[in-house]
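The values are calculated or read from the model by the stated rules, or taken from the named source; none is laboratory data. Being a predicted model, the structure only gives us computed values, none of them experimental. Cβ placement follows ideal geometry from the backbone for every residue including glycine, while neighbour counts extend to all protein chains displayed.
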Amino acid sequence: MISFSSKYRSKQIEIMDNIDFKGVEMHNLLNDLRFVNKWLGGNKTTISGIKKILKNHPKNKEITILDIGCGDGEMLRNCAEFGRKNGFIFNCIGIDFNQNILKLAEDKSRNYSNINFQKTDVLLEVDQIPTADITLFTLFLHHFENDDIERLLNRSLNKTNIAVIINDLHRNKLAFTLFKWFSKILLNTKTAYHDGLVSIARGFNSRELKSIANQIPNQNSIIRWRWAFRFQWIMLKNP
C-alpha cells in the first residue's frame with residue numbers, strides 16, 4: 001500500500017527507477033505520463049521558466065539547454081519548438097541513466113537536429129554532466145533524498161552559466177486523493193498508478209524547497225507554486 005505523509009517525504013521507490021525498466025510497460029507508462037503532463041500543464045511550468053530567463057537574451061547567440069533525467073525527450077522537444085517559434089538558437093542535450101528510455105528518446109526526436117542524448121548516472125558520473133547555459137530538472141528531483149538533491153544541484157549549478165529551472169511536485173493530500181480518482185479512470189497502466197502516487201508522496205512543500213535552496217551557494221532562488229500542484233523553482237546563478 002502506498003502511504004502519504006504531509007510532514008515527511010516518502011522513501012518508497014518508483015518502478016521506473018529500475019535501470020532495466022523497458023518493453024511494453026515502459027512505453028505505456030511514458031504515454032500515460034505524457035497524457036498527465038499535457039492535461040495538467042506540467043511542461044508549461046518549465047517552458048514559462050525558460051521564457052522568463054531569456055526575456056532579454058540576444059537571439060543570435062546559441063543557448064545550450066541540458067535536461068537532466070530527460071526520459072523520452074518530450075521536454076526537449078517542447079524546448080526545441082519554443083526556440084523555433086521564438087527565434088532562439090537552441091542546442092538541446094538530454095541525459096538519463098536508462099539506455100532503453102534513451103533509445104526511445106532518440107527515435108522520437110529524430111526530426112530534431114538540435115537534440116542529442118547521452119547515458120549518464122548524474123550521481124555517480126559527475127564529470128560527464130555537460131556544461132550548459134540552462135539546466136532543467138523536470139519531475140526528477142523527487143526521486144532522490146535531500147542530501148543527494150543538494151549535491152546534485154551544487155554540481156549542476158557549477159556547470160550552468162545562466163540558471164537552473166526545477167519543475168517538481170507539491171506534496172499535497174488533495175493532489176494524492178485526486179490522482180487516485182483520476183488515474184483509475186484515465187490511465188492505462190498499473191505502473192503509472194503506482195509511480196504517480198509515489199511521486200506525489202515523494203514531492204515537496206515550499207518550506208523543504210527553501211531549506212534546500214539555502215544550502216546552495218552562488219545563486220538567487222525564486223520559488224513559485226503552479227497549477228496543478230507543482231513548484232517552479234528558478235535558480236539564477238550569481239555573476
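When you look at Leu174, is it among the hydrophobic types (A, V, I, L, M, F, W, C), more than 30 Å from Asn91 (Cβ to Cβ) and out of contact with any helix residue (DSSP H, G or I) (no Cβ under 8 Å at 6 or more places or on another chain), yes or no? In short, yes. Count, please, the residues in the stretch 36-82 that happen to be among the polar types (S, T, N, Q), within 18 Å of Ile166 (Cα to Cα) and not in a helix (DSSP H, G or I). Qualifying residue count for the region: 1.
No other residue among Gly71, Gly49 is within 14 Å of the chain's Cα centre (by Cα), over 17 Å from Ile134 (Cβ atoms) and small (Gly, Ala, Ser) apart from Gly71.
Checking each residue in the stretch 121-133 for being surrounded by fewer than 13 Cβ atoms within 10 Å (Cβ to Cβ) and closer than 22 Å to Ile50 by Cα picks out only Thr131. Summed over the stretch 2-52, residues that are hydrophobic (A, V, I, L, M, F, W, C) and either touching a His at 6+ places or on another chain (Cβ under 8 Å) or modelled with pLDDT of 80 or more (or both) total 6.
Those strands (runs of 3 or more DSSP E) of the stretch 134-239 in which 2 or more residues are surrounded by 16 or more Cβ atoms within 10 Å (Cβ to Cβ) and β-branched (Val, Ile, Thr) occupy 160-169.
Summed over the stretch 103-117, the residues that are in a helix (DSSP H, G or I) and in contact (Cβ under 8 Å) with a residue 24 or more places away in the chain give a count of 4. Whether a residue is farther than 19 Å from Asn37 by Cβ, in contact (Cβ under 8 Å) with a residue 12 or more places away in the chain and of a type in the set (Ser, Thr, Tyr) was assessed, and Ser199 does not pass this test.
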